[in-house]
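These notes concern the structure reproduced below.
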Amino acid sequence: MTNDSSVGGAYWQRYGQVIIVQLLVVIFLYINLLLIVTFFSKDFFYTTMRYILFAVTLLSDSLLLIMSDVLLILTYFRFTMQIGICVIMSIVVILYTFVTPVTLTAMTLERFVAICMPLRHAELCSTRSALQCILIIHGLSSIPCIFIYSFFFASATHGLYTQDKICSVEIFILRNWHDHFRSAISQFYFLIMCITIVFSYVKIMKVAKAASGENKKSTWKGLRTVVLHAFQLLLCLIQLWCPFIESATLQIDSILFVSVRYFTYITFYLAPRCLSPLIYGLRDEMFFHALKYYALCGLYKRQSSDLSCLTN
């Protein structure tokens, strides 16, 4: 009787955790969808580089939230799938795990060009340059995927592809040196992005101290944006370390692994992705007014129609 009640309590605790995650994911996806609709509402947004990169982060975050949430549910309830299907889902998760921090780094460089090289900003940050930048971002983000799965395909036996397993990135790490190499790639990305953020911050700080009047106000605003990018980027980069922590706990205990993955998912997957609306959806005055219009437009029209019905 005691065993049955403990098992039932553990099941309902796990079920409650999944429900909490689903509520958070739905809220964030709704906010991202509203921001994406706002982005496509005006020509100025989708012809300006910083807003285009912002839209890239929204789309990549939304796709990552959906795919990682599916994998989280499958892991929680221990559903298995064929390795081939797991490969496709894991590629998307790993790719867009890197897309967001790389895009944030590109957005920081855009702010650096706008403030430190304003005369060349129109040339370097045009719409065409933004599209090229998106291709470069996805190219750089795909490098870890290429290495991880190249090692897996070279080491895996034919029978492994027909097995059913719980889908996670850890099942593609077949050798200890695979894990070390993955760690080295993540650390390299972490180093390059940190250097870029610090370099941009120092240069913008120098311009901010030398500026005056309206230029000084605009420069300090750009500096605050870079600081927020740095904080968001830090959370995203910590996320790159999460697989190593999770793989270590998996070797200790499977229940501990599920708890740690739940914590890291909430803290380092969901939390950084709620900062994008804060940085550009709320702090950017032009985008905020457009967002407020589309967020309240339906309510405004409904109130107007109700008043017209009452007057008639």
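The values are calculated or read from the model by the stated rules, or taken from the named source; none is laboratory data. Computed from a predicted model, the values in this text were never measured in an experiment. Positions of Cβ are generated from backbone atoms using ideal geometry, with glycine treated the same way; all protein chains shown enter the neighbour counts. The protein model used for the area step is the full one, side chains on, heavy atoms only, and it has no ligands, DNA or RNA in it. Shrake-Rupley method; radii C 1.70, N 1.55, O 1.52, S 1.80 Å.
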Across region 24-40, in residue order, what do the Karplus-derived ³J(HN,Hα) couplings come to in whole Hz, using 6.51 cos²θ - 1.76 cosθ + 1.60 with θ = phi - 60° and x for Gly and Pro? 5, 5, 5, 4, 5, 5, 5, 4, 4, 4, 5, 5, 5, 4, 4, 4, 7
Give Lys221/Lys292; Lys42/Lys209; Lys42/Lys203; Lys206/Lys292 a once-over and call out the pairs whose C-alpha atoms are over 28 Å from each other. Lys42/Lys209; Lys42/Lys203; Lys206/Lys292
Accessible area (Å², per residue) of region 84-161, counting only protein heavy atoms and a probe of 1.4 Å: 46 Å²
Leu63 to Phe263: extension gain in nm, 0.36 nm per residue of separation minus the Cα-Cα distance? 70.0 nm
Of the peptides 181-187, 69-75, how do they stack up when ordered by the mean number of other Cβ atoms within 10 Å, highest first? 69-75, 181-187
